[in-house]
Amino acid sequence: MEDRACVGCGTSEQDRTVTACPVCKKPFCFACAWQVHGKNFCSKGCGSFFFFGEGEDETGADADPEG
């Protein structure tokens, strides 16, 4: 089984707990997590996408859940 690494800092599951993002399924560690309304995500974009859906970000442009 391949060891997953955090998309933020690159740490592996051997060093720290790595969780899959509920939106894009990318692995992230708690140290790199974006918290939105008490839930953890790999990025601000995924957090916004989860709660507000496509097209509802701070800039008014279409949301990219990975950015």
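In region 19-41 there is no residue matching the filter, namely being among the hydroxyl-bearing types (S, T, Y), part of a loop (DSSP other than H, G, I, E, B) and modelled with pLDDT of 90 or more.
Give E13, E2 a once-over and let me know the one that is in contact with a Lys or Arg (Cβ under 7 Å, 6 or more places away or on another chain) and either at pLDDT below 90 or surrounded by 12 or more Cβ atoms within 10 Å (Cβ to Cβ) (or both).
That would be E13, the only listed residue that is in contact with a Lys or Arg (Cβ under 7 Å, 6 or more places away or on another chain) and either at pLDDT below 90 or surrounded by 12 or more Cβ atoms within 10 Å (Cβ to Cβ) (or both).
Given the condition in contact with a Phe, Trp or Tyr (Cβ under 7 Å, 6 or more places away or on another chain) and under 16 Å from G53 (Cα atoms), answer yes or no: does some residue in region 23-34 qualify? Within region 23-34, one or more residues are in contact with a Phe, Trp or Tyr (Cβ under 7 Å, 6 or more places away or on another chain) and under 16 Å from G53 (Cα atoms).
If a residue must be aliphatic (A, V, I, L, M) and surrounded by 17 or more Cβ atoms within 10 Å (Cβ to Cβ), how many such residues does region 16-35 contain?
Total meeting the criteria: 3.
F52 meets the stated requirement of being of a type outside the set (A, V, I, L, M) and over 8 Å from the mean Cα position of the chain (by Cα).
The values are calculated or read from the model by the stated rules, or taken from the named source; none is laboratory data. Since the structure is predicted, the reported quantities are computational estimates derived from the model, not experimental observations. A quick note on method: Cβ atoms are made from the backbone with ideal geometry, for glycine too, and the neighbour counts reach across all protein chains shown.
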